[in-house]
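Got a structure for you, written out below as structure tokens; questions coming shortly.
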């Protein structure tokens, strides 16, 4: 068997397994099975490097879904997703800061400014909350 063919098969199955952890985690999240979602999304993030999982884990901590509300942990997950290109996660990080009592524009600016530049709808809601604090 050709080595190129074997490598292609290995990569294909690695991608399928990676996608399954995230897909199954999202399915559990949408069904309200937050314990299962947390485990699968953590695997998708740590093992499979699916950075979008970090955004969903941040939402779980922000909203207290399946875990205790923890704004510091939510911010950590959102900032991680944001660093890997998830613009909305930057706005969620700003929201988590506000939920934690931080309304300093210098802290909130990075995620919000980029989100507004890209016309991300959720970011406009966060700015409204900041302005109407």
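Read-outs: derived from the displayed coordinates by stated rules, not from any lab. Small disclaimer: the values here were computed from a predicted structure and weren't measured. All Cβ positions, glycine included, derive from the backbone under ideal geometry; neighbour counts span all protein chains shown.
With the Cα gyration tensor of segment 64-133 giving a ≥ b ≥ c as the square roots of its eigenvalues, does the rule (a/c under 1.5 for rounded; else a/b larger than b/c for prolate; else oblate) give rounded, prolate or oblate? Write out the running numbers ahead of the final one.
Details: a/c = 1.73, a/b = 1.20, b/c = 1.44.
Cα axes put segment 64-133 in the oblate bin.
By how many degrees, 0 to 90 and rounded to 10, does the Cα axis of helix 105-117 deviate from the longest principal axis of the chain?
Compared with the principal axis, the helix lies near 60 degrees.
Where is the GNM fluctuation largest for the chain (alpha-carbon springs, 10 angstrom cutoff): 69, 117, 59?
Among 69, 117, 59, the largest GNM mean-square fluctuation belongs to 117.
Here's another thing I want to ask about it. Top mean-square fluctuation among 25, 90, 66, Gaussian network model of the chain, C-alpha springs under 10 Å?
With Cα springs under 10 Å in the chain, the top fluctuation among 25, 90, 66 is at 66.
Between residue 30 and residue 109, what length in nm is gained on full extension when 0.36 nm per residue of separation is reduced by their alpha carbon distance?
Working: separation 79, 0.36 × 79 = 28.44 nm, distance 3.04 nm.
Extra length from residue 30 to residue 109 when fully extended: 25.4 nm.
Now, a different point. Just 108, 95, 116 to compare: in a GNM of the chain, with alpha carbon springs under 10 Å, which one fluctuates most?
Of 108, 95, 116, the Gaussian network model singles out 116 as fluctuating most.
Further question: Looking at the chain, I'd like the Rg to Rh ratio, where Rg is from alpha-carbon atoms and Rh is Kirkwood's inverse mean 1/r.
1.10
For the chain, what is the relative contact order in percent, using Cα pairs closer than 8 Å and at least 6 residues apart in sequence?
Reported as a whole number, the value is 14 percent.
Label point 7 Å out from residue 122 along Cα-to-Cβ: which residues of segment 56-82 have amide N under 17 Å?
Backbone N within reach: 56-66, 70-82.
Same structure again: For the chain, find the longest principal axis of its Cα atoms and tell me its angle to the long axis of helix 71-83, 0 to 90°, nearest 10.
60 degrees
How much mean residue ellipticity at 222 nm does the chain get from its helices, if each DSSP H run of length 4 or more adds -39500 (n - 2.57) and you divide by all residues, to the nearest 500 deg cm²/dmol? Walk me through the numbers on the way to the answer.
Working: 7 runs with 103 residues, N = 133.
The per-residue figure over the chain is -25000 deg cm²/dmol.
Using 1/(1 + (r/R0)^6) with R0 = 25 angstrom and r between the beta carbons of residue 69 and residue 131, what's the FRET efficiency to the nearest 0.05?
0.55
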